[in-house]
1. Tell me, which strands (runs of 3 or more DSSP E) lie completely within the range 89-201 with 1 or more residues that are closer than 24 Å to Asp248 by Cα?
2. I want to confirm something. Restricting to the range 94-121 and keeping residues that are hydrophobic (A, V, I, L, M, F, W, C) and out of contact with any Ser or Thr (no Cβ under 6 Å at 6 or more places or on another chain), which single residue is farthest from the ligand (Cβ to nearest atom)?
3. Kindly indicate whether Trp170 is within 16 Å of the ligand (Cβ to nearest atom) and either touching a Cys at 6+ places or on another chain (Cβ under 8 Å) or not assigned by TED's automatic domain parsing to the domain that holds Ile83 (or both).
4. Being within 13 Å of the ligand (Cβ to nearest atom) and out of contact with any Lys or Arg (no Cβ under 7 Å at 6 or more places or on another chain) is the filter here; which residues of the range 72-93 pass it?
5. From Ala398, Ala445, Ala413, which residue is part of a helix (DSSP H, G or I), at pLDDT below 95 and farther than 30 Å from Asp363 by Cβ?
6. Which one is surrounded by the most Cβ atoms within 10 Å (Cβ to Cβ) among residues in the range 196-211 that are in contact (Cβ under 8 Å) with a residue 40 or more places away in the chain and closer than 25 Å to His288 by Cα?
7. For the range 238-256, name all the residues that are in contact with a Pro (Cβ under 7 Å, 6 or more places away or on another chain) and either basic (Lys, Arg) or under 17 Å from Phe443 (Cα atoms) (or both).
8. Tell me, please, whether a residue that is open to solvent by less than 10 Å² (accessible area, probe 1.4 Å), in contact (Cβ under 8 Å) with a residue 24 or more places away in the chain and under 21 Å from Ser59 (Cβ atoms) can be found in the range 282-300.
Amino acid sequence: MGEAPETGHSPPLDWPGRLWLDGRTPVQVGDFTGQAEAGRGPMSKAEIPVFHNPAMTGSRTRSVLLLDQCLREDWLTKPGAKIRVLDGLAASAIRSRRWLSEIPTESAERLRVTAIDADATALAWARANHQSHPPGLSDEVDAEFPMHERGLRILQGDLRARVLEAGWQWVDLDPFGPPTPFLDTVLQGLARVAVVDVTATDTAALCGAAADSARRRYGTMAVVDDLRHDTAMRVLLGHVASVAARHDRAIEPLMAIFDDHHVRVSIIARKSKQEASSFAENIGWRIHNPSSDEVAIGVARGLHPAGESDEPQLSVLIPWDTAPGNSFTGRISGPLWTGPLGKPEVYAEMTAERAVELCALDDKRDGDLVKRLEIPDSTIRDSQRLAAKAVRGLAEVAEVIDLPCTYPVDMVASLYSDITGPPSPTTLAEKLREKGWRAAKDFIAVPAVRTNAPWDVVIATVREIAPTK
Ligand SMILES: C[S@@+](CC[C@H](N)C(=O)[O-])C[C@H]1O[C@@H](n2cnc3c(N)ncnc32)[C@H](O)[C@@H]1O
């Protein structure tokens with residue numbers, strides 16, 4: 001299978017290490033702390049031979065669900081056609097192996113997955129894992145996809161050199177830290193229509209807390225308040241959109257998420273000079289504590305709900321061409337993406353039922369695996385719990401994901417002296433819906449409500465349900 005890793009030992013020196021289940025895919029990992037414990041990451045990447053982070057299991061689960069939906073709905077190809085997928089920074093190739101093992105066989109047979117990593121030891125583990133725990137796919141040879149074994153080809157090298165070798169239809173970019181060193185070349189190595197999944201773990205830069213890194217990597221600044229998670233997703237989307245535009249590609253966000261220590265955005269990129277030229281229509285600024293004139297700009301450009309109130313508001317998104325002047329100092333985040341964070345149809349499919357069906361162990365379907373690896377019932381239950389946790393709150397937000405405004409309830413409550421505590425976001429969303437507005441408890445990391453209700457309606461409703469003097 002694949003080109004032999006140039007320096008990788010086969011099998012790897014410490015093989016088989018310890019057995020771990022990521023989703024419902026077995027993976028042998030090095031025998032080190034943090035490699036086979038749910039929710040814990042490795043102590044330090046320097047101490048382990050292959051980077052494996054169990055805390056990213058949820059991210060991989062969502063990636064299985066997204067690729068499955070893409071195949072079922074034929075976003076990128078004609079029905080039934082093969083799809084060229086690149087796991088760009090693959091490490092142990094657990095993400096590739098999960099796609100091939102957990103997506104239903106009929107769709108998974110269409111995958112032509114290439115896993116690339118610079119690290120030969122990581123690839124030796126990837127190869128040994130794929131051979132020891134192969135996906136249940138046919139082993140037929142595909143002349144158009146040489147050197148693969150059951151849908152997976154493993155290549156060693158620098159992603160930035162290898163990504164230009166093919167027109168990829170799906171690229172996963174999962175770096176240590178920022179994705180910025182890779183984005184420019186990755187966006188040149190795509191097919192005309194392609195999905196790109198980008199992870200960034202430099203959340204302090206994206207949120208604006210690490211101001212120097214934000215300026216250097218993304219050309220942005222940001223105010224660090226309870227809107228920082230929404231801001232971080234928008235900063236990353238804005239950056240991806242602007243790099244894509246340089247290569248005549250327009251992006252459409254499928255899904256964005258801020259999950260604990262990382263931000264991940266999934267986009268479709270389409271080659272179109274015309275659409276790419278208008279990318280700035282979705283780029284703008286967030287003004288914190290805006291004046292009524294600033295709110296009026298957002299309202300006029302469809303980025304903020306119109307209302308009757310002149311009372312202070314939390315923030316407003318405004319377009320790029322209403323560029324900030326000096327008076328904005330300390331009150332501005334951006335440039336950032338002001339368009340939708342994702343597609344309702346994608347969030348709606350991120351249900352616990354689907355995550356458990358595809359990504360958790362089932363005694364009947366996976367009976368042979370459970371028996372062969374002597375997997376205890378508690379591990380089966382854990383896999384079901386973790387699969388459901390990976391998508392918690394996402395389907396609920398589908399109906400409102402296109403809306404620009406989210407209201408962190410602690411910030412709302414702090415603006416008014418008569419409101420002595422934050423309202424429950426679930427109750428606030430319910431009350432707003434009863435009044436005919438679109439509203440849902442948001443999925444950002446602080447309690448918040450995403451809604452199209454105007455500010456006066458939000459505040460009146462908060463006063464009805466929150467503790468007041
Ligand atoms: C965060 S890990 C990837 C984790 C993996 N995607 C997963 O889900 O387990 C980042 C990987 O990128 C690899 N890497 C770093 N720079 C690279 C480069 N320029 N080209 C290819 N691989 C690189 C590292 O060896 C490391 O294995």
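The values are calculated or read from the model by the stated rules, or taken from the named source; none is laboratory data. What you see is a predicted model, and the numbers here were worked out from it, not measured in a lab. FYI the Cβ positions are ideal-geometry reconstructions off the backbone, even for glycines, and counts take in every protein chain you see. What goes into the accessible areas is simple: the full protein's heavy atoms, side chains included, and nothing from ligands, DNA or RNA. Shrake-Rupley method; radii C 1.70, N 1.55, O 1.52, S 1.80 Å.
1. Values: elements: 111-117, 152-156, 168-173, 190-200.
In the range 89-201, the matching strands (runs of 3 or more DSSP E) lie at 168-173, 190-200.
2. Filtering the range 94-121 down to residues hydrophobic (A, V, I, L, M, F, W, C) leaves 94, 99-100, 103, 108, 111, 113, 115-116, 118, 120.
Still in the running and out of contact with any Ser or Thr (no Cβ under 6 Å at 6 or more places or on another chain): 94, 99-100, 103, 108, 111, 116, 118.
On the way: Ile94: 5, Trp99: 11, Leu100: 14, Ile103: 16, Ala108: 18, Leu111: 16, Ile116: 6, Ala118: 4 Å.
Filtering first and then ranking leaves Ala108.
3. Values: within 16 Å of the ligand (Cβ to nearest atom): yes; either touching a Cys at 6+ places or on another chain (Cβ under 8 Å) or not assigned by TED's automatic domain parsing to the domain that holds Ile83 (or both): yes.
Judged against the criteria, Trp170 is a match.
4. Hits for the range 72-93 are Leu86, Gly88, Leu89, Ala90, Ala91, Ser92, Ala93.
5. On the way: Ala398 fails: at pLDDT below 95; Ala445 fails: part of a helix (DSSP H, G or I).
Exactly one residue qualifies, and that residue is Ala413.
6. We begin by selecting, within the range 196-211, every residue in contact (Cβ under 8 Å) with a residue 40 or more places away in the chain; these are 196-201, 203, 206, 208.
Filter once more, so that each one left must be closer than 25 Å to His288 by Cα: 200-201, 203, 206, 208.
On the way: Ala200: 26, Thr201: 20, Thr203: 19, Leu206: 30, Gly208: 24.
In this case the residue turns out to be Leu206.
7. Taking the range 238-256 as the starting set, the residues that turn out to be in contact with a Pro (Cβ under 7 Å, 6 or more places away or on another chain) are 238, 253.
If the condition is that a residue be in contact with a Pro (Cβ under 7 Å, 6 or more places away or on another chain) and either basic (Lys, Arg) or under 17 Å from Phe443 (Cα atoms) (or both), then Pro253 is the only one that fits.
8. no
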